[in-house]
Amino acid sequence: MKKFAVAALAVLTLLCSGLPAAQAQEKKEIAIGSTVYYMTEFITLMVGGMEAEAKELGVKLTILDANNDAQQQLSQVENLIASKNDVILVAAVDADAIVPALDMAEAAGVPLTGVNMLINTDKPYYYAGPNDVEAGELEAQYVVDAIGGKGNVVILEGPIGTSAQLQRLEGNLNVLKKHPDVKILAQKPANWNREEALNAMENWLQTYPGQIDGVIAHNDEMALGAIQALEAKSLKLPVGSVDAIKDACQAIKEGRLDATVFQDAALEGRLGVRVAYQVATGNPPAERINFIKMKLITKDNVDELLTTIYK
């Protein structure tokens, strides 16, 4: 399997750096064409950041929803190229399936950049998004500590093949390998979906009665679905997840969810558009892979988000 590139760059340097004088004098409107995997609550927040950054930069931004269909996303990339966009910005449905889009864009002489989801390729491209290995480590470590370093956990994964699923699982396993007394009882993709996670958790509670000690979910929607299943059985288990959407933060405040990892969706969207703009104008960032910092959110610091981002 091709390897994901690993490098990081300080986000504030990119977002706060001034534009070169010659570039500021140019009046040509840059057109960014973007396709995102589908409009989850997180992606909706990310798109808000994209639109805000595009407005500040004075660029034209087109955003398409691939509806979680990899083939549709490839068609959208083709259409965005045909529409004479200066750069294509992709939040990939599938890390492997999107690879032909790089070739398509290269053949057309249009740069393609990534946001939110890494592309599984050795080809060089620019990217802005989360450090998902770090996110997976943070949530898993929280759950492991909460169950005292021994017991059984279940893992609700994102769609198989997405960089978030692959890397968050990698982070989960990095932690679990250090704790041999913690066993993975079951794992299953619930595709970022609350209802699918609810069903998966219900099945696990039936299959493994009294054997599950903790839950690791690759995003908040799935964590909240798992919590619904637990509450229906009057059970309370440690649950860790990723994204820190408003519903999850409120659930932490209420004591229903234990921890999530803050992935700043708006900042991520802004950075994605900023990197795409820099590439399109011939002033790309120093690093190709640009990560935003991840932060563990628990009852001790959840008010920071509820009183600022979600006020």
Practice task
State whether the residues of segment 262-281 include one that is touching a residue at least 12 places away in the same chain (Cβ under 8 Å) and over 30 Å from ILE30 (Cα atoms).
Solution key: yes
Completion exercise
Here, helices (runs of 4 or more DSSP H) confined to segment 122-238 with at least 2 residues that are in contact with a Leu (Cβ under 8 Å, 6 or more places away or on another chain) and of a type in the set (S, T, N, Q) are 163-177
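Out of PRO111, PRO130, PRO100, report the one residue that is touching a strand residue (DSSP E or B) at 6+ places or on another chain (Cβ under 7 Å), under 16 Å from LEU80 (Cα atoms) and touching a residue at least 12 places away in the same chain (Cβ under 8 Å). Let's see the steps before the verdict.
On the way: PRO130 fails: under 16 Å from LEU80 (Cα atoms); PRO100 fails: touching a strand residue (DSSP E or B) at 6+ places or on another chain (Cβ under 7 Å).
Selected residue: PRO111, the only one of PRO111, PRO130, PRO100 that is touching a strand residue (DSSP E or B) at 6+ places or on another chain (Cβ under 7 Å), under 16 Å from LEU80 (Cα atoms) and touching a residue at least 12 places away in the same chain (Cβ under 8 Å).
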Practice task
Report yes if GLY148 is in contact with a Lys or Arg (Cβ under 6 Å, 6 or more places away or on another chain) and assigned by TED's automatic domain parsing to the domain that holds ALA164, otherwise no.
Solution key: no
Completion exercise
Going through (1) outside the structural domain of HIS218 (by TED's automatic domain parsing); (2) in contact with a strand residue (DSSP E or B) (Cβ under 6 Å, 6 or more places away or on another chain) one by one, ASN79 fails only at (2)
Practice task
For segment 216-232, state whether one or more residues are among the polar types (S, T, N, Q), surrounded by 16 or more Cβ atoms within 10 Å (Cβ to Cβ) and in the same structural domain as ALA31 (by TED's automatic domain parsing).
Solution key: no
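Tell me whether segment 271-282 contains one or more residues that are assigned to a helix (DSSP H, G or I), under 21 Å from VAL47 (Cβ atoms), outside the structural domain of THR62 (by TED's automatic domain parsing) and not hydroxyl-bearing (Ser, Thr, Tyr). Before you say what the answer is, go through the steps one by one.
Within segment 271-282, the subset assigned to a helix (DSSP H, G or I) is 271-280.
From what's left, under 21 Å from VAL47 (Cβ atoms): 271-280.
Subsequent filtering for residues that are outside the structural domain of THR62 (by TED's automatic domain parsing) retains none.
The answer is no, given that none of the residues of segment 271-282 is assigned to a helix (DSSP H, G or I), under 21 Å from VAL47 (Cβ atoms), outside the structural domain of THR62 (by TED's automatic domain parsing) and not hydroxyl-bearing (Ser, Thr, Tyr).
Within segment 207-215, is there a residue that is closer than 25 Å to GLU304 by Cβ and of a type in the set (A, V, I, L, M, F, W, C)?
As a first pass, look at segment 207-215 and keep what is closer than 25 Å to GLU304 by Cβ: 214-215.
Filter again for of a type in the set (A, V, I, L, M, F, W, C), leaving 215.
So far as segment 207-215 goes, yes, one or more of its residues are closer than 25 Å to GLU304 by Cβ and of a type in the set (A, V, I, L, M, F, W, C).
For (1) over 18 Å from ALA259 (Cβ atoms); (2) without any contact (Cβ under 8 Å) to a residue 12 or more places away in the chain, each residue gets a yes or a no:
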{"position": "GLU139", "(1), (2)": "no, no"}
{"position": "THR162", "(1), (2)": "yes, no"}
{"position": "GLU170", "(1), (2)": "yes, no"}
{"position": "LYS177", "(1), (2)": "yes, yes"}
{"position": "VAL182", "(1), (2)": "no, no"}
{"position": "ALA190", "(1), (2)": "yes, no"}
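The values are calculated or read from the model by the stated rules, or taken from the named source; none is laboratory data. Predicted model only: the values in this text are computed from it and were never measured. No Cβ is skipped: glycine too gets one built from the backbone with ideal geometry, and neighbour counts run over all protein chains shown.
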